[in-house]
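Read through the structure below, which is laid out as structure tokens, and then see the notes.
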């Protein structure tokens, strides 16, 4: 079928996505900052379970100076690239400590701009390929409870929209996948979110596959989030600033 480069394969969503694409016959490049025993076992399990080739490669989203060399030294140029890496961070800490704020911004936005820009240039030259990136409903309106994370995701969503327009003429598809709440280890220490509006990692992976296979531009993992965000974005600013969202 082809080869998938999965950026952020140590994340729950990344692992679910690897299995979803392998099920369709794709060979997988698992890219993560750390390749530990678990990552090695994951690669082995996917390869055996779905009879595909799976390789672990080291990738650090924050080390942007290394991104070009990372991509150019891959064992094979991927047909599909899926980016799921990100960092929720600590909003309150970020308000007092810019290092935390910058980590949130760089993990969600700058790292993606760097690596996806390099990949887009390569795909544009070949006039083929697909890029799918996970953003967030948090980027659709700034909320006082997490506007650092939200701003980084808003910037990412805008970047992907512009990139999609640029790459259209080169037959390169760019999709934005927008989850709401996701049940993952990243939010394990936070209060549980309502089940009807909380997706599993597998549901996000399915949305990613749908965005890629059906060449969708923007996909909400749970359709109810489109309605929720439509309502939230419709609230006048004079009222919205008084909310505790």
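Points worth noting:
- Kirkwood-type radius of the chain, with distances r between different C-alpha atoms, in Å: 18.4
- Note on residue 126/residue 98: beta-carbon distance plugged into 1/(1 + (r/R0)^6) with R0 of 35 Å gives a FRET efficiency of 0.30.
- Per residue, the chain reaches -14000 deg cm²/dmol at 222 nm when only DSSP H runs of four or more residues are counted, each adding -39500 (n - 2.57).
- Shape of the range 1-113, Cα gyration tensor, a/c cut at 1.5: prolate
- Going from the fewest other Cβ atoms within 10 Å to the most, the residues 19, 71 appear in the order 19, 71.
- Helix 201-213 and the longest principal axis of the Cα set of the chain meet at an angle near 70°.
- With the gyration tensor restricted to C-alpha atoms of the range 11-55, the semi-axes of the equivalent ellipsoid amount to 16, 11, 8 Å, longest first.
- Centre separation in Å (Cα based) which lies between the range 93-110 and the range 117-163: 17
- Gain in span if fully extended, residue 36 to residue 213, counting 0.36 nm per residue against the direct Cα distance: 60.6 nm
- The angle separating the long axis of helix 147-168 from the principal Cα axis of greatest extent in the chain is about 50 degrees.
- Taking label points 7 Å from Cα along the Cα-to-Cβ direction, residue 1 and residue 243 give a separation of 3.9 nm.
- Packing-based ranking of 220-227, 153-160 yields 153-160, 220-227, ordered from highest to lowest mean Cβ neighbour count within 10 Å.
- In terms of other Cβ atoms within 10 Å, 123, 1, 167 run from fewest to most in the order 1, 167, 123.
- Ranked from largest, the principal axis spans of the Cα set of the range 72-155 equal 44, 25, 15 Å.
- Averaging 1/r over each pair of different alpha-carbon atoms in the range 142-245 and inverting the result gives 15.5 Å, the Kirkwood hydrodynamic radius.
- The residues 195, 68, when put in order of fewest to most other Cβ atoms within 10 Å, stand as 195, 68.
- Between helix 224-234 and the chain: long-axis angle, C-alpha atoms, 0 to 90°, nearest 10: 40
Every read-out reported here was derived from the displayed coordinates using simple, explicitly stated rules and does not represent laboratory data. As the structure is a computational prediction, the values presented were derived from the model and not from experiment. All Cβ positions, glycine included, derive from the backbone under ideal geometry; neighbour counts span all protein chains shown.
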